[in-house]
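Everything below concerns the one structure shown next.
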Amino acid sequence: MEGRTIFTESEDCVDLGLRAGAMVFRSVRVSPANAELRTAIADEIGRIRTRLSSVSEIRSIPEIVKVQDILQTVGVKSRRRISSTESLLRFALKHGALPSINNLVDAYNLVSLRTSSSLGAHDLDRIATPVELRLLCGGERFVPLGSAVEEAVTAGEFGYVDALDRVICRLDIQQADFCKVTAATTNVLLIIEATTVHDSVRLRRVFEETEEIIKHHCGGEAEVVAFPY
């Protein structure tokens, strides 16, 4: 993208076992999810429910175990704060469905269900790049999704921070309100977070599937701006 750095991951986070990269989607159309996408999600949940029957089985999935270990390493009690992927699987298992947010969020939730990786989208025009996945210092600004009140973050946790020192996602659990995707969003930074459990071949497939599904349901053009190493 014109030689600009859009996304980076610190060595500290790589050492933890995180593997995160990013894509930019431009000229997307954000709208309610159509029947085709909702059916695809329902079909995937059906497959999940045939192989998983309890929370303990979800928590034994290697990708989930690795994230639990990382959360514990940075001082997070994973029984209280579970990863976005585990939360998504738990909801699907319990309810047999996912809440419909919009076509973009629903599309990346489908990818997350299929790949056991964590995906999150942010309005690119509302953030200052580069965004960095790094360990937090504790002084960063963070207003969680759905709130207007700034919330303190904990030093030593990992988070995604823009160039103005604003947390756009705390851990992989809480997204920020200021850069949420809405019907007015046209350009998106989509972050894909995995761990060392995902090898490079699997990660390539996650990126390819993300591009295919989001372009199919939301239109626009896609570019990989950072691939995990």
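The GluC sites (Glu not before Pro) of region 76-173 that meet both conditions, a loop assignment by DSSP and at most 14 other Cβ atoms within 10 Å of the site Cβ, are Glu150, Glu151. Each part gets one Cα centre, and for region 188-207 versus region 139-166 those centres are 24 Å apart.
Within region 1-67, the proportion of Cα pairs with more than 15 Å between them is 75 percent. Computed on region 137-208, the Cα convex hull volume stands at 122 Å³ per residue.
Extension gain for Glu11 to Thr73 (0.36 nm times residue separation, less C-alpha to C-alpha distance): 20.8 nm.
Modelled label positions at Arg59 and Ser100, each set 7 Å beyond Cα in the direction of Cβ, lie 3.3 nm from each other.
Convex hull of alpha carbon positions in region 7-226: directionally averaged projected area 11.0 nm².
Is the shape of region 60-136 rounded, prolate or oblate, going by the alpha carbon gyration tensor and its root eigenvalues a ≥ b ≥ c, with a/c under 1.5 for rounded and a/b larger than b/c for prolate? Please list the in-between numbers first.
Working: a/c = 2.13, a/b = 1.04, b/c = 2.05.
Judged from the Cα gyration tensor, region 60-136 comes out oblate (a/c at least 1.5, b/c at or above a/b).
Using a cutoff of 8 angstrom between alpha carbon atoms and counting only pairs six or more residues apart, the relative contact order for region 10-111 works out to 43 percent. Computed per residue of the chain from DSSP H runs no shorter than four, each worth -39500 (n - 2.57), the mean residue ellipticity at 222 nm is -11000 deg cm²/dmol. Contact order, relative form, for the chain: 35 percent (alpha carbon pairs under 8 Å, 6 or more residues apart, mean separation divided by residue count). When the trypsin sites (Lys or Arg not before Pro) in region 74-132 are filtered for DSSP coil states and for at most 11 other beta-carbon atoms within 10 Å of their beta-carbon, the remaining sites are Lys77, Arg79, Arg80. Each residue, Glu150 and Ser87, gets one label point 7 Å from its Cα in the Cβ direction; the gap between the two is 2.3 nm.
Laboratory data are not the source of any read-out in this text; all were calculated from the coordinates shown. All values reported here derive from a predicted model rather than from experimental measurement. Virtual Cβ from ideal backbone geometry, glycine too; neighbours counted across all protein chains shown.
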